[in-house]
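The values are calculated or read from the model by the stated rules, or taken from the named source; none is laboratory data. From a predicted model like this one, the values you see are computed outputs, not experimental measurements. In this analysis, Cβ positions are derived from the backbone assuming ideal geometry, glycine residues included, and neighbour counts consider all displayed protein chains. For the accessible areas, the whole protein counts, side chains as well, though only heavy atoms, and no ligand, DNA or RNA atoms are used. Shrake-Rupley method; radii C 1.70, N 1.55, O 1.52, S 1.80 Å.
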Amino acid sequence: MKIKRIQRVVIVVRNLEEAASRYADLLGTRFLDLGAQEGHGVRAMVSEDWLVELLSPVDPRSFAARHLEKHGEGVMGVAFQIPDIDEARSHVKSKGFKVLSELDFSDGVTWKSFKEVVLDPRETNGAPIMLVQAEPG
């Protein structure tokens with residue numbers, strides 16, 4: 001498996017608009033509202049270069065809500081861009097890492113292809129790691 005680069009840093013927050021305003025001032029960028037993410041119980045905003053993603057739960061049962069309750073606000077994940085999601089999945093499993101979930105955000109408009117494998121942070125020294133194969137739409 002080959003890592004190309006850091007794809008994005010995901011930060012979970014309680015108040016999305018407030019956080020986007022603060023990060024925009026800090027980083028000198030605008031944040032784009034992606035709205036509620038169907039089936040995931042979160043609303044997302046991304047920096048215009050897509051390197052920072054802010055998430056806020058809209059469903060109290062969502063993974064983001066559980067993360068906020070357990071850990072509070074902060075970095076929820078670091079996503080690494082990889083060239084082949086199938087190879088990456090096979091590689092991490094062959095090394096004994098547990099895959100928590102696999103996501104597909106491909107919509108044909110924003111993303112021609114956006115597939116993500118989320119690793120169990122208990123097996124990555126507490127670091128929430130995601131592997132992403134993405135092609136803009």
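Six or more apart or on different chains, Cβ atoms under 9 Å: show the pairs whose first residue is in the range 80-106 and on the phi < 0 side of the Ramachandran plot and of a type in the set (Ser, Thr, Tyr) and whose second is surrounded by 15 or more Cβ atoms within 10 Å (Cβ to Cβ) and assigned to a helix (DSSP H, G or I).
Listed pairs, sorted by first residue: Ser101/Phe63.
Sort out which residues of the range 63-75 are open to solvent by less than 30 Å² (accessible area, probe 1.4 Å) and touching a residue at least 24 places away in the same chain (Cβ under 8 Å), and write them in order of number.
If the condition is that a residue be open to solvent by less than 30 Å² (accessible area, probe 1.4 Å) and touching a residue at least 24 places away in the same chain (Cβ under 8 Å), then Ala64, Ala65, Leu68, Gly74 are the ones that fit.
Select from the range 47-74 the residues that are farther than 14 Å from Ala20 by Cα and of a type in the set (A, V, I, L, M) and write down the one among them that is modelled with the lowest pLDDT.
Selected residue: Ala64.
Within the range 34-56, can you find the residues that are closer than 21 Å to Ile6 by Cα, in a strand (DSSP E or B) and either open to solvent by 70 Å² or more (accessible area, probe 1.4 Å) or of a type in the set (D, E, K, R) (or both)?
Step one: list which residues in the range 34-56 are closer than 21 Å to Ile6 by Cα, which gives 34, 44-55.
From what is left, the residues that are in a strand (DSSP E or B) are 34, 44-47, 52-55.
Hit for the range 34-56 is Glu53, nothing else.
Keeping to the range 1-33, report how many residues are of a type in the set (Phe, Trp, Tyr) and either part of a loop (DSSP other than H, G, I, E, B) or open to solvent by 80 Å² or more (accessible area, probe 1.4 Å) (or both). Before you say what the answer is, go through the steps one by one.
Pass one, the range 1-33, residues of a type in the set (Phe, Trp, Tyr): 23, 31.
With the extra rule that they be either part of a loop (DSSP other than H, G, I, E, B) or open to solvent by 80 Å² or more (accessible area, probe 1.4 Å) (or both), the set shrinks to none.
Result for the range 1-33: 0.
Output the residues belonging to the range 84-127 that are in a loop (DSSP other than H, G, I, E, B) and either modelled with pLDDT of 95 or more or farther than 18 Å from Ala44 by Cα (or both). Give the steps one after another, and end with the answer.
Here is the first cut: in the range 84-127, the residues in a loop (DSSP other than H, G, I, E, B) are 84, 95-98, 105-110, 120, 124-127.
Hits for the range 84-127 are Asp84, Lys95, Gly96, Phe97, Lys98, Gly108, Asp120, Thr124, Asn125, Gly126, Ala127.
Right, Gly126: open to solvent by less than 20 Å² (accessible area, probe 1.4 Å) and either closer than 21 Å to Glu18 by Cα or without any contact (Cβ under 8 Å) to a residue 24 or more places away in the chain (or both) or not?
No.
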